[in-house]
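What follows is a single structure, written as structure tokens, with notes after it.
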Amino acid sequence: MEGDEKLEKIPDKKDAMDAVETLVRYIEKDGGELREGLVDTPKRVVESFNELYNGYSQDADSLLDATFNAEGYDGIVLLRDIEFHSTCEHHMLPFTGSAHVAYIPVNKIVGISKLARLVELHSMRLQNQERITKSIVDDLERVLKPLGCGVIIEAKHGCMQCRGVKKQNSIMSTSSMRGVFFDNKEARMELLQLINNPRNN
Ligand SMILES: [Zn+2]
């Protein structure tokens, strides 16, 4: 029974610092006092976690809550090249890249910076790229009820660059299309063209 109680307790900052200290000792193969450069490492690591994982303290519904009247605008709204940093949930190593987020409004538009914040909200968690991609379109679809929405993400994964197959330059692409971008090939082509050749449009 004691084991069950232990599982239900959410670790506090002290527990997390102790865990990092254990990892440091494991890495250094040293059970003694932490050497000078490492003494404050558990605290620094946990505080950097608070920053890296602050997506958990945000919520998409309140983020996208402030909408404006689209005033008849019914074209594509696209924010390209939103750079992001995330952490892969399998290895806890960083992956970084950029996201392109688009939608076609029906009555409601959202402040453009909210699209960048939405990418942050999902990337600043333990993640995989597929889930970030899907979560962003899910939120846009649910809250804005657009004619269509789409997300394309391209990222390099630290867990492939510095360990395992050690490929430095491979880029993983994911995309999720909803509504008119899913149903209508021309709409999807227009979006892809805007993303790939912004100056030709
Ligand atoms: Zn990984």
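Each value in this text was obtained by applying a stated rule to the coordinates, not by laboratory testing. Here the structure is a predicted model, which means the values were calculated and not measured. Cβ coordinates were reconstructed from backbone atoms using ideal geometry, including for glycine residues, and neighbour counts include every protein chain displayed.
The table that follows gives values for the structure above.
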| read-out | value |
| --- | --- |
| Alpha-carbon gyration tensor eigenvalues x 5, square-rooted, for the range 17-58, Å | 25, 10, 6 |
| The range 63-200: mean projected area of Cα convex hull, nm² | 8.6 nm² |
| In degrees, nearest ten, helix 129-144 long axis to first principal axis of the chain (Cα) | 50 degrees |
| Stretch gain in nm, segment residue 43-residue 8, where the contour uses 0.36 nm per residue and the Cα spacing is subtracted | 10.2 nm |
| Cα-projected label distance for residue 50 with residue 33, points at 7 Å along beta-carbon direction, nm | 2.8 nm |
| Acute angle (nearest 10 degrees) that the helix 13-28 long axis makes with the longest principal axis of the chain, alpha-carbon atoms | 70 degrees |
| Cα pair distances exceeding 18 angstrom across the range 69-114, given as percent | 47 percent |
| Most to least packed among 18-24, 105-111 [average Cβ atoms within 10 Å] | 105-111, 18-24 |
| Cα-based radius of gyration of the range 1-112 once divided by 2.2 N^0.38 Å, which approximates compact folds | 1.63 |
| Where chymotrypsin sites (Phe, Trp or Tyr not before Pro) in DSSP loops with at most 15 other Cβ within 10 Å are excluded, longest remaining stretch of the chain | 74-201 |
| Acute angle (nearest 10 degrees) that the helix 112-123 long axis makes with the longest principal axis of the chain, alpha-carbon atoms | 40 degrees |
| Anchor residue 43: lysines whose Cα lies under 21 Å away (excluding residues fewer than 8 positions away in-chain) | 9, 13, 14, 29 |
| Stretch gain in nm, segment residue 91-residue 170, where the contour uses 0.36 nm per residue and the Cα spacing is subtracted | 26.7 nm |
